[in-house]
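As structure tokens, the structure follows; a few thoughts come after it.
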Amino acid sequence: MIQHPAQVMKMLPAAIAAIASSMLLLAPGPACADGEEDEEDKEEASAEQDDEGEEAGDEAEPSDAKLVVPVSEDGARVILDGEEVGLSPVLPITGLTVGEHVIEVQKEGFKPYWMEVQIPEDGLVRHDVLLAGGKGLKHPVPKFLKAWWFWTAVGVVVGAGVGVGIYFGVKPEEPDAVRFPPY
């Protein structure tokens, strides 16, 4: 059923509240109403923690992969997992562990860059970084866009177009003219 947008907007807060309450019902939490967990829940939680610990142990394996991080701006600080690697351009980074790592690139006058990368057991991982902001990405403005005569001409053309549109929009229709046959 199609409804008017105003009706939909009136129903929106109620719909959001219903979604939020259903999310609370589906969210994992204590199994008992008094806030205490069952013994089974405690056993499951400890088993999950053991599994996570084993997975964390797997991630500690060093890989033969190389991470290459070319940066659009020279002299930017390249940081891997919170430790500074150096200033760009940096050499390929080796000796990383298998799994997820965080690359940060910072340079004064540019927006900081942050990204998670996945390191495999071997191979080459290349992650190009284009820093936004600063002088490097500004496009020069053509001189004619700053000239008064250009914007005056644009105004005249737009005004003429509006005038012609109004003329033909409000012009009364002419009655059918009586045509006489040629003599």
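Rule-based calculations on the coordinates, nothing more; no lab input. Computed from a predicted model, the values in this text were never measured in an experiment. We place every Cβ from the backbone using ideal geometry, glycine too, and count neighbours over all the protein chains shown.
Using amide H atoms built in the peptide plane, which far-off residues or other-chain residues are under 5 Å from GLU73 H to H?
LEU131
Name the residue from GLY99, VAL117, PRO89 whose Cα lies farthest towards the positive end of the charge dipole of the stretch 66-126, charges +1 on Cβ of Lys and Arg and -1 on Cβ of Asp and Glu.
PRO89
Which of PHE110, PHE168 comes first, and how do the rest follow, when ranked by fewest Cβ neighbours within 10 Å? Let's see the in-between values first.
Working: PHE110 20, PHE168 8.
Final ranking by Cβ density, sparse to dense: PHE168, PHE110.
Compute the length gained on full extension between GLU83 and ALA153: take 0.36 nm times their separation in residues and subtract their Cα-Cα distance, giving the result in nm to one decimal.
Numbers: separation 70, 0.36 × 70 = 25.20 nm, distance 5.69 nm.
The GLU83-ALA153 span can extend by a further 19.5 nm.
Where does each of 66-78, 92-104, 154-166 land if you order them by average Cβ count within 10 Å, highest first?
On the way: 66-78: 17.5, 92-104: 15.3, 154-166: 10.0.
In descending order of packing, they fall as 66-78, 92-104, 154-166.
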